[in-house]
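Scroll down for the structure; my scribbles are underneath it.
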């Protein structure tokens, strides 16, 4: 489990250019591209808070001019939206590997644990998710909503299938992240606030069972909260 400034970045798409050096004009084939800027944003997000991902910082690191930056991204909000899309896609690709043919009682805890493991391995990008989701203006941007919907697609499809089989409780689509994954999100936020390696194993041991408690089919004496939502 990695943490801090030294953790590995998620893999970039094959053939992605890396940011060039400073002090000389790049050769035509090395001119900064939007991919170069996003690579720089990934690195800045890895090493610091989302506030560190500024236009000045990404252009200095990538070598892209301000004019080209505004042409490609329109401003900082466009860059943050693009970065969020990549981060949530990387996160859900890792987490969705849990969605296999096992019984739901095994898959749901694994899903929550995989998410927490991803947060511990990628604390910088994980902070991007929470910073954007907590920011009223950016979080409601169409690009952010579209990226989130696309990334959550496999999760929603798996739960819909298992609901029809009676293996999981019926929740509205928003309830899967806001309610079923709530214990994982709370543990993730606490871990990101402290990076306490001693606390993490206790969180990891509890979060899977907590998610299953919320996702399991209701018993005869259980309320059915989805009926009231």
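Inside the stretch 25-72, residues that are buried (at least 20 other Cβ atoms within 10 Å of the Cβ) and either farther than 28 Å from residue 119 by Cα or assigned by TED's automatic domain parsing to the domain that holds residue 132 (or both) make up a count of 4. Annotation: residue 138 fulfils all but one of (1) modelled with pLDDT under 95; (2) under 20 Å from residue 110 (Cα atoms); (3) buried (at least 17 other Cβ atoms within 10 Å of the Cβ); the unmet one is (2). Residue 168 falls short on exactly one of the conditions (1) over 16 Å from the mean Cα position of the chain (by Cα); (2) at pLDDT 90 or above; (3) in a helix (DSSP H, G or I), and that condition is (3). Residue check: is residue 222 modelled with pLDDT under 90 and over 20 Å from residue 93 (Cα atoms)? It is true that residue 222 is modelled with pLDDT under 90 and over 20 Å from residue 93 (Cα atoms).
Would you confirm whether or not the stretch 87-97 contains a residue that is assigned by TED's automatic domain parsing to the domain that holds residue 190, within 30 Å of residue 163 (Cβ to Cβ) and not in a helix (DSSP H, G or I)? Scanning the stretch 87-97 turns up no residue that is assigned by TED's automatic domain parsing to the domain that holds residue 190, within 30 Å of residue 163 (Cβ to Cβ) and not in a helix (DSSP H, G or I).
Taking each residue of the stretch 190-214 that is touching a residue at least 12 places away in the same chain (Cβ under 8 Å) and looking for partners that are loosely packed, with under 12 Cβ neighbours inside 10 Å with beta-carbon atoms closer than 7 Å, six or more apart or interchain, yields 195/4.
Considering 162, 189, the condition of being out of contact with any helix residue (DSSP H, G or I) (no Cβ under 6 Å at 6 or more places or on another chain) and surrounded by 13 or more Cβ atoms within 10 Å (Cβ to Cβ) is satisfied by 189 alone.
Residues that are surrounded by 14 or more Cβ atoms within 10 Å (Cβ to Cβ) and free of Cβ contacts under 8 Å to residues at least 40 places away in the same chain are absent from the stretch 81-89.
The single residue among 157, 151, 112 that is more than 16 Å from the chain's Cα centre (by Cα), farther than 21 Å from residue 49 by Cβ and in a helix (DSSP H, G or I) turns out to be 157.
The values are calculated or read from the model by the stated rules, or taken from the named source; none is laboratory data. Because the structure is predicted, anything quoted here is derived from the model rather than measured. So basically every Cβ, Gly included, is an ideal-geometry build from the backbone, and we count neighbours across all protein chains shown.
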